[in-house]
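The values are calculated or read from the model by the stated rules, or taken from the named source; none is laboratory data. Since this is a predicted model, take the numbers as computed values, not measurements. Virtual Cβ from ideal backbone geometry, glycine too; neighbours counted across all protein chains shown. For accessibility, only protein heavy atoms count, side chains too; no ligands or nucleic acids. Shrake-Rupley method; radii C 1.70, N 1.55, O 1.52, S 1.80 Å.
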Amino acid sequence: QVQLVESGGGLVQAGGSLRLSCAASGRTFRSNAGGWFRQAPGKEREFVASIGWSAGATIYTDSVKGRFTISRDNAKSTVYLQMNSLKPEDTAVYYCAARRALDPGTDLRDYDYWGQGTQVSVSS
């Protein structure tokens, strides 16, 4: 089992930045690909970004390309999501996830472990 705990959410003005962290514990995390998803009120959970076990491969949804950066520190068993140039439409609960695979992925059904979520609110 892998336990995931997110932190770093909050309220920020449009154009601002936040960095989310996802700390993993339990069985070794370094062999798992990591991902970030988000869910806005009344909407389905959607893919944001994913990173492979070695951090060499990353995938982003189009709406965050050039603004968000996913990274990981396997020594700390932590995955990060640096979010810059935030927009009101980025407002959502952000969830960290991990899957028993080496490569990144975009389908939430392929993820085996989930955090409890952290709220990100962007005001206009």
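Some points to look at:
- Positions within the stretch 17-34 being farther than 15 Å from A75 by Cα and open to solvent by 20 Å² or more (accessible area, probe 1.4 Å), in sequence order: S17, L18, R19
- Any hit, the stretch 54-61, residues being more than 19 Å from R19 (Cβ to Cβ), open to solvent by 30 Å² or more (accessible area, probe 1.4 Å), touching a residue at least 40 places away in the same chain (Cβ under 8 Å) and out of contact with any Pro (no Cβ under 9 Å at 6 or more places or on another chain): yes
- Within the stretch 70-83, residues that are on the phi > 0 side of the Ramachandran plot sit with their Cβ atoms under 6 Å from residues that are assigned to a strand (DSSP E or B), at 6+ positions apart or across chains, in these pairs: S77/A24.
- Any hit, the stretch 63-70, residues being over 16 Å from Q116 (Cβ atoms), hydroxyl-bearing (S, T, Y), modelled with pLDDT of 95 or more and surrounded by 14 or more Cβ atoms within 10 Å (Cβ to Cβ): yes
- Subset of the stretch 35-46 [under 19 Å from R99 (Cβ atoms) and open to solvent by 30 Å² or more (accessible area, probe 1.4 Å)]: Q39, E44, R45, E46
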